[in-house]
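This report concerns only the one structure given below.
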Ligand SMILES: Nc1ncnc2c1ncn2[C@@H]1O[C@H](COP(=O)(O)OP(=O)(O)O)[C@@H](O)[C@H]1O
Ligand SMILES: [Mg+2]
């Protein structure tokens, strides 16, 4: 049984001009200890997926359909209090911009101890000792002294290390990392990814690694889900999706990875832009940009179909 | 830290000098003290003598210097109206005004902040809408009208609370007086304090609400939620603390305003404070009282600004680092 099983997750935003469907029947799963990469252009619905899992959709957004099973139990129907107990304790989250995710008015030690003491029975001194241990583990030098410092006294990279400590300090079994390096200096991005990878491997923590950097996915993830306009376009083992992408959109994305070996037979960069939520085309959402579009694509919406080692929502792989 | 206080006090000096100048200039531009004091049928010689006694025949800057020097020593001359030292008059009235202003502010803070937090968190609830609608009335109702309405309801109509005066007071120390020692004194304070504090309370509520809405959208609050912290800790700890800096500023400035403009409330309730004294003094152009009042209010504002700065310092570690 998978650790996390998302089935047909649909998220809607009621607006004055009708209901916007931002996620449309998104399905995927994550096994214990596994790293699932989630890629896609900005606005594809990656963050929304993460927020929906932990029940932190912003109003008026709501889960309009589907199920979220975590450790075998539905969590999308839980009320606020049991859901709160899962957040931080079972499922941790890491956000994008470390300059804004730490409360400026509290010391990092206080933020760490409060998080741990919310979820675990710890005396103040035990919590403090553990907090120093975590700062040490995420690579903050002189942790015992730095624990009483405020966020503004740390560099951006160090703050993201603190954020990682905060996300992991209550020993969650799953971490949702939403673009954890996008806001960081290029020179420290690799360090942070390595840190995250090492720590979660040591603790057997599963990771949902959201990013628009295919290079990061290639080096870190076990499997990858490619999202496009609120749907999953393709999902499968990283190596397979990179070497033999089954969806033309994944194909275009892979072509944009500079670090991977050159592929002459691949398509050029994809032209055009992702459709807005109020202008989703009929049939396959990618069809206006697709270089291999044909009749069926403009009328019928494809579900995920088996396509060799991966599954892709593309009529090219229909066998009927 | 002490350097910081010192530099703030130094910055206050020019402000006080300018206000002092205006306070001094009042003597020249508002009425003629000699004719007020000497009366209509004084002879020219009598006027000259009086003018000399008051130092009015000296050069302007000498007069200004003397005025400041005397003011520094708490000497503001004698009131034209009651022929007593102004300092004594003010000292007599100051406790009444401060007690009223502080009570009004504490009420406004103690009620306004929780209401602001509540309306910020439960944006769309019925109770929030009710409070927001009510606060509009609080902001727009003129103070004197509110006072009169309260008197009509609770003094005239229901007969629960006194409509004027400060009730019995007790002397504490050499010059302070308080009405807090007796139930009658406290009852007398209720209506004036509500009247004076209402505007501030609604202002604080709306400000805290606006700041809460702002802060609740920030990434660090989202991250706090994602870590499973309790609503209580998020709303009243993480979020409220981050709204405090602007709230402290407004409360501080408003407190200055409350002291300065308590005259309306004091007039409506015949509250024996400085505001009432000022109103009585303006009516007869009692310049020494007016000028001393002006200086005192300036001093109150300067001190409040200093306290506000110190509170920032206590709340926000980023400011501590910068100094
Ligand atoms: N509060 C909201 N109201 C309406 N639409 C929203 C809201 N929040 C997000 N969306 C829409 O949901 C889509 C997915 O957003 P998001 O998950 O943040 O994308 P990303 O893949 O870049 O993380 C976007 O098209 C965005 O416009
Ligand atoms: Mg995003």
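What follows draws every value from the coordinates through simple rules; no lab data is involved. As the structure is a computational prediction, the values presented were derived from the model and not from experiment. Glycine gets a Cβ as well: all are built from the backbone with ideal geometry, and neighbour counts include every protein chain shown.
Couple of notes before you dig in:
- Enclosed volume per residue, in Å³, of the convex hull spanned by Cα atoms of the stretch A:167-320: 141
- Stokes-Einstein diffusion of the stretch B:188-278 at 20 °C, 1.002 mPa s viscosity, Kirkwood radius from Cα pairs, rounded to a whole number: 141 µm²/s.
- Approximate spin-label separation residue A:203-residue A:145, in nm, with each point projected 7 Å along Cα-to-Cβ: 2.7
- All Cα pairs of the stretch B:2-72, percent lying beyond 15 Å: 64
- Whole-number percent relative contact order across the stretch B:189-279, with pairs defined as alpha carbons under 8 Å at least 6 apart: 30
- For the protein assembly as shown, the orientation-averaged shadow of the C-alpha convex hull comes to 40.1 nm² (one quarter of the hull surface).
- Shown is the FRET efficiency for residue B:26 and residue B:181, computed with R0 = 45 Å from the Cβ-Cβ distance and rounded to the nearest 0.05: 0.75.
- Working from the Cα coordinates of the stretch B:93-322, the gyration tensor eigenvalues give, after taking √(5λ), semi-axes of 35, 22, 15 Å in decreasing order.
- Placing pseudo-labels 7 Å out from each Cα toward the beta carbon at residue B:46 and residue A:59 gives an inter-label distance of 7.6 nm.
- Placing a label point 7 Å from the Cα of residue B:54 along the Cα-to-Cβ direction, the residues of the stretch B:272-293 whose backbone N falls under 11 Å of that point are B:286-288.
- Relative to the longest principal axis of the Cα atoms of chain B, the long axis of helix B:2-29 lies at roughly 40 degrees.
- Three principal axis extents of chain A based on alpha-carbon atoms, in descending order, are 67, 45, 38 Å.
- On Cα atoms only, tilt of B:44-53 relative to the major axis of chain B in degrees: 50
- For peptide A:94-103, the mean count of partner chain Cβ atoms within 10 Å of a residue's Cβ comes to 4.
- Compactness of the stretch B:78-149 is given as radius of gyration and Dmax, 19.2, 60 Å, from Cα positions.
- Expected 222 nm ellipticity per residue - DSSP helices of 4 or more, -39500 (n - 2.57), all of chain B, to 500: -23500 deg cm²/dmol
- The tail of the calculated P(r) for the stretch A:1-60 beyond 20 Å holds 29 percent of all Cα-Cα pairs.
- Pairs of alpha carbons in the stretch B:225-310 separated by more than 23 Å make up 46% of all such pairs.
- Order of A:106, A:228, B:313 - criterion: other Cβ atoms within 10 Å of each residue's Cβ, fewest first: B:313, A:106, A:228
- By the beta-carbon count within 10 Å of each Cβ, the least crowded to most crowded order of A:128, A:161, A:59, fewest first, is A:59, A:128, A:161.
- Computing FRET efficiency as 1/(1 + (r/R0)^6) for residue A:124 and residue B:110, where r is the C-beta to C-beta distance and R0 is 30 Å, gives about 0.50.
- Rel. contact order, % - alpha carbon contacts under 8 angstrom, at least six apart, chain B: 26
- With Cα atoms, 0 to 90° folded angle of helix B:60-72 axis to chain B main axis: 60
- Per residue, the average separation of C-alpha pairs within less than 8 Å and at least 6 apart gives chain A a relative contact order of 20 percent.
- Choice from A:273, A:131, A:177 with maximal GNM fluctuation in chain A (Cα, 10 Å cutoff): A:273
- Legend: ranking of residues B:176, B:183 from fewest to most surrounding C-beta atoms inside 10 Å; resulting order B:183, B:176.
- Helix-only CD estimate at 222 nm, as mean residue ellipticity for chain A, using -39500 (n - 2.57) per DSSP H run (n ≥ 4): -9000 deg cm²/dmol
- Rounded to the nearest 5, the antiparallel percentage of DSSP beta bridges internal to the protein assembly as shown is 65%.
- Once the C-beta distance of residue B:9 and residue B:217 is scaled by a Förster radius of 45 Å, the resulting FRET efficiency is 0.70 to the nearest 0.05.
- The largest-to-smallest principal axis extents of the Cα set in the stretch A:148-200 are 30, 28, 17 Å.
- Shielding value for B:215-221 is 4, the average number of Cβ atoms from other chains within 10 Å of each residue's Cβ.
- Partner chain coverage, peptide A:115-126 - average Cβ within 10 angstrom: 1
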